[in-house]
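Here's the structure we're looking at; comments come further down.
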Amino acid sequence: MNALHPARVGRAVRLQLGSVGRGTRLFFRLLWLMVAALRRPSLVRDQVHFLGNHSLAIISVSGLFVGFVLSLQGYYTLQRYGATEALGLLVALSLMRELGPVVTALLFAGRAGTSLTAEIGLMKAGEQLSAMEMMAVDPVRRVLAPRFWAGVIAMPILAAVFSAVGIIGGWLVGVVLIGLDGGAFWSQMQGGVDVWADVGNGIIKSVVFGFAVTFVALLQGFEAHPTPEGVSRATTRTVVVASLSVLALDFVLTAMMFSI
């Protein structure tokens, strides 16, 4: 096996640095265009509907079954210690702190993120973005910014729906199926869940994940090669990069939240 040529290594590093630089510049430009995007609320509203409402079915069904499994597993674990009355608290904390934001972000990356990448990539392959530039229309302001802020808005809402449906699923299994006391299920949850430490941390995570997943999807579509193969590869990279980013950010945010 031949050793890597220094010129090839240098070229690969230069290309990666250039990609990081373009991505950083695009991210800060999208942040700067927040006011401009919100001045045209119809564009953001349409994208929230496209990203959020079309993802609602998979989010709700997934949350329900996650609540089923979490309640069932939690019951058999708590039964060993005679603490089955704390099942509601276990389900609520697990969903609000961790599973709700993380699983929602992974599903959002697979459903909405890929559609964003494919849409932007096809617009680039069809030279629609270039046509906008020829007509003195900024594609970042007109196309990317509304989709970016719509994803940031939709992600916390979907995470809240996931957690709410998951808690209902946990109640169905714990109270209706297994036969635990419903009053204990809800009272333990109400007494043990803190609005700021638990619900607030989950909201912060979901907002950060919304920034990460939506930006990765838009960047991959904007940087995709204008060919069918290039769009296909960009869509695949969106799922991989967004999922790994969510898991890495989850570790960092959890460590920061528990250390405060």
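The values are calculated or read from the model by the stated rules, or taken from the named source; none is laboratory data. The structure displayed is predicted, hence computed values, not measured ones. Methodologically, a virtual Cβ is constructed for each residue, glycine included, from the backbone with ideal geometry; neighbour enumeration extends over all protein chains shown.
Just a few scattered comments:
- Listed here are the helices (runs of 4 or more DSSP H) enclosed by segment 1-68 that have at least 1 residues being of a type in the set (Phe, Trp, Tyr) and over 19 Å from the mean Cα position of the chain (by Cα): 6-32.
- Selection status of ARG141, of a type in the set (Lys, Arg), closer than 18 Å to GLN47 by Cα and out of contact with any Phe, Trp or Tyr (no Cβ under 9 Å at 6 or more places or on another chain): yes
- Between LEU31, LEU93, LEU70, the distinction of being of a type outside the set (D, E, K, R) and more than 30 Å from VAL193 (Cβ to Cβ) belongs to LEU31 only.
- Selection of segment 173-199 for residues being closer than 12 Å to LEU89 by Cβ, of a type in the set (D, E, K, R) and not in a helix (DSSP H, G or I) yields only ASP194.
- Where a residue in segment 52-70 is more than 10 Å from GLY169 (Cα to Cα) and its partner, wherever it lies, is in a helix (DSSP H, G or I) and charged (D, E, K, R), with Cβ under 8 Å and at least six apart: HIS54/ARG111; SER55/ARG111; ILE58/ARG111
- One residue stands out in segment 228-260 among those that are over 13 Å from THR114 (Cα atoms) and β-branched (Val, Ile, Thr): the one that is surrounded by the fewest Cβ atoms within 10 Å (Cβ to Cβ), namely ILE260.
- Checked against the criterion of being within 29 Å of PRO139 (Cα to Cα) and either touching a Lys or Arg at 6+ places or on another chain (Cβ under 9 Å) or among the aromatic types (Phe, Trp, Tyr) (or both), segment 5-18 has no qualifying residue.
Yes/no per residue for (1) closer than 22 Å to THR227 by Cα; (2) surrounded by 16 or more Cβ atoms within 10 Å (Cβ to Cβ); (3) at pLDDT 95 or above:
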| site | (1), (2), (3) |
| --- | --- |
| VAL103 | no, yes, yes |
| GLY110 | yes, yes, no |
| GLY121 | yes, yes, no |
| GLN128 | yes, no, no |
| ALA131 | yes, no, no |
| PHE148 | no, yes, no |
| GLY151 | no, yes, no |
| PHE185 | no, yes, no |
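- Search result, residues across segment 10-66 that are of a type in the set (S, T, N, Q), out of contact with any Gly (no Cβ under 8 Å at 6 or more places or on another chain) and within 16 Å of GLY151 (Cα to Cα): SER42, ASN53, SER55
- Residue within segment 211-218 that is among the hydrophobic types (A, V, I, L, M, F, W, C), at pLDDT below 95 and over 17 Å from the mean Cα position of the chain (by Cα) present: no
- Among the residues listed as LEU180, LEU158, LEU172, LEU218, the single one being surrounded by fewer than 17 Cβ atoms within 10 Å (Cβ to Cβ) and either touching a residue at least 12 places away in the same chain (Cβ under 8 Å) or charged (D, E, K, R) (or both): LEU172
- Among helices (runs of 4 or more DSSP H) entirely within segment 80-148, having at least 2 residues that are closer than 30 Å to GLY169 by Cα singles out 87-93, 100-108, 114-125.
- Selection status of GLU223, among the charged types (D, E, K, R), closer than 30 Å to LEU30 by Cα and free of Cβ contacts under 8 Å to residues at least 40 places away in the same chain: no
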